[in-house]
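Notes follow the structure.
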Amino acid sequence: MSAAMSNKDRFLAACRREVVDRPPIWIMRQAGRYMSSYRALRERAHFLEICRRPELSLEATMMAVDQLGIDAAILFSDILVPLTPMGLEVAFDEGGPRLPPVRDRAGIDRLATDVTGELGYVADAVALIRKTLDQRPDPLPLLGFSGSPFTLATYAIEGGTTKNKHALRKMIWDHPDALHALLDKMATVVLPYCRMQLDAGADAVQLFDTWGGLLTESEWREFSMPYTQRVMSGLRASHPHVPIVHYALEAAHLTNVFAELPCDVLSVDHKEPLSLIRDKTGGRYALQGNVEPGVMTCSTTAIAKAVEACVRGYGRTPGHIVNLGHGITPDASVAGARAFVEVAKATGAALWG
Ligand code: CP3
């Protein structure tokens, strides 16, 4: 029977693949529209205003902490936030994010990269959340995050969320040098942006390469990997003990390449069992995930079954952080999310007890 651990120790130990009393759990996009309290906050403030005002970002982050019983808090913000000071004003409307697309060398050359100063409100939000968490008994660990250079570049090229990503394809095939110039700029922004969050009090940082899975292995090696590696290696150098989490969606075909990344945790979707991913990566990474998010719209019985299978499927081996394979959706429920957390905790404690 492992002794009960503090919330911070449990999360950090899981990231380092050390023995825990039970695997920690949090939910990707845990503060969001499925919560009535979040919808009420959105009545008072636009999404971007919540991101820009530290006291509102704090309020959103703490909703998940207070309502769900999760084991880690995550900064409430968005991966697209750094694009605005770069010169691409991001707007959010009913259809999701929109920004002016950049598709040529001149547009890329115009983008600013010295933008950390204009993102000071993100550091302020992290510091405020950190302080608030620390005022409570057994403070939760806090995750900071950024989009990966490739995923940010994809949004910049497409001008928002698109289905076929043909503008990106055109860059890959017709203008690879321009794409590399854009990726270089994104990496130049992302590294100090992550460092700023860590210096403000984040305990770990997650890089979201949400669109990385669109690429073949050789494309990912050329267009995503070197830039993500540059960010990770830079973080390792400046913050050697801070866990780095890498997330990708629909990227099971890239698992072998992820096994070369200088990070601690691979956050994965539901397409492959965690035990298989662990084998493919030589047990050298902690794994975060990987319940299919649609389950969160089903009965609590179904949710319980899915999360129990996930925890037991990983088994009594160090290095599991229970989560979804992608973000929780607006049609999920708080009751379902609570059940997810409770069953994950109980199953994990029974497994490790
Ligand atoms: O987990 C959390 O609670 C932290 C907050 C968080 C948000 N976005 C809040 C958000 C995090 C970690 C993100 C990351 C993010 N944002 C990603 C990577 C993870 C993933 O889902 O793949 C991506 C690709 C984005 C870009 C983005 N932001 C899109 C495509 C959208 C529109 C789709 C949608 O869900 O509305 C957003 C908006 C967004 N980001 C919302 C929230 C709560 C909804 C905004 C609203 O209130 O209307």
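The values are calculated or read from the model by the stated rules, or taken from the named source; none is laboratory data. Please read these numbers as outputs of a predicted model, since none were measured by experiment. Every residue, glycine as well, gets a Cβ built from its backbone with ideal geometry; the counts of neighbours run over all protein chains shown. For the accessible areas, the whole protein counts, side chains as well, though only heavy atoms, and no ligand, DNA or RNA atoms are used. Shrake-Rupley method; radii C 1.70, N 1.55, O 1.52, S 1.80 Å.
A few comments on the model shown:
- Number of residues in segment 94-105 that are away from the ligand (no atom under 16 Å from the Cβ) and open to solvent by less than 40 Å² (accessible area, probe 1.4 Å): the value is 1.
- Qualifying residue in segment 169-179 (condition: under 30 Å from residue 71 (Cβ atoms) and in a helix (DSSP H, G or I)): no
- Among residues of segment 156-185 that are within 12 Å of residue 105 (Cβ to Cβ), those with a beta-carbon under 7 Å from a residue that is more than 16 Å from the ligand (Cβ to nearest atom) and of a type in the set (Gly, Ala, Ser) at least six positions away or on a different chain give the pairs 171/178.
- Pairing residues of segment 9-30 that are within 16 Å of the ligand (Cβ to nearest atom) with residues that are among the aromatic types (Phe, Trp, Tyr) and part of a helix (DSSP H, G or I), at Cβ distances under 6 Å and at least 6 apart in sequence or on separate chains, gives 24/11.
- Residue check for residue 60: touching a Leu at 6+ places or on another chain (Cβ under 7 Å), within 10 Å of the ligand (Cβ to nearest atom) and touching a residue at least 24 places away in the same chain (Cβ under 8 Å): yes
- One residue alone among 316, 278, 338 is more than 22 Å from residue 74 (Cβ to Cβ) and under 21 Å from the mean Cα position of the chain (by Cα), and that residue is 278.
- Within segment 34-53, the set of residues being near the ligand (Cβ under 10 Å from one of its atoms), in contact (Cβ under 8 Å) with a residue 12 or more places away in the chain and either farther than 17 Å from residue 79 by Cα or touching a Cys at 6+ places or on another chain (Cβ under 6 Å) (or both) comprises 34, 35, 38, 41.
- Test: residue 39 is farther than 16 Å from residue 140 by Cα, open to solvent by 10 Å² or more (accessible area, probe 1.4 Å) and within 19 Å of the chain's Cα centre (by Cα): no
- Looking across segment 71-80, the residues that are open to solvent by less than 10 Å² (accessible area, probe 1.4 Å), of a type in the set (A, V, I, L, M, F, W, C) and assigned to a loop (DSSP other than H, G, I, E, B) come down to 72, 75, 80.
- Count of segment 211-223 residues which are within 13 Å of the ligand (Cβ to nearest atom) and either farther than 17 Å from residue 249 by Cα or open to solvent by less than 20 Å² (accessible area, probe 1.4 Å) (or both): 2
- Elements of the type helices (runs of 4 or more DSSP H) sitting completely within segment 232-329 and holding at least 2 residues that are open to solvent by 60 Å² or more (accessible area, probe 1.4 Å) and within 22 Å of residue 347 (Cα to Cα): these cover 300-314.
- If you filter segment 106-148 down to residues that are basic (Lys, Arg) and under 22 Å from the mean Cα position of the chain (by Cα), you find that the one that is nearest to residue 229 (Cα to Cα) is 130.
- Every condition in (1) within 16 Å of the ligand (Cβ to nearest atom); (2) buried (at least 22 other Cβ atoms within 10 Å of the Cβ); (3) part of a helix (DSSP H, G or I); (4) under 18 Å from the mean Cα position of the chain (by Cα) holds for residue 227 except the one numbered (1).
- Only one of 162, 188, 154 that is among the polar types (S, T, N, Q), over 16 Å from residue 227 (Cα atoms) and out of contact with any strand residue (DSSP E or B) (no Cβ under 6 Å at 6 or more places or on another chain): 162
Matching residues to (1) open to solvent by less than 40 Å² (accessible area, probe 1.4 Å); (2) over 24 Å from residue 170 (Cβ atoms):
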position: 88; (1), (2): yes, no
position: 92; (1), (2): no, yes
position: 107; (1), (2): yes, no
position: 111; (1), (2): yes, no
position: 116; (1), (2): yes, yes
position: 122; (1), (2): yes, yes
position: 135; (1), (2): no, yes
position: 143; (1), (2): yes, yes
position: 148; (1), (2): yes, no
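- Top-ranked residue of segment 131-171 - restricted to ones that are basic (Lys, Arg) and modelled with pLDDT of 95 or more, ranked as farthest from the ligand (Cβ to nearest atom): 170
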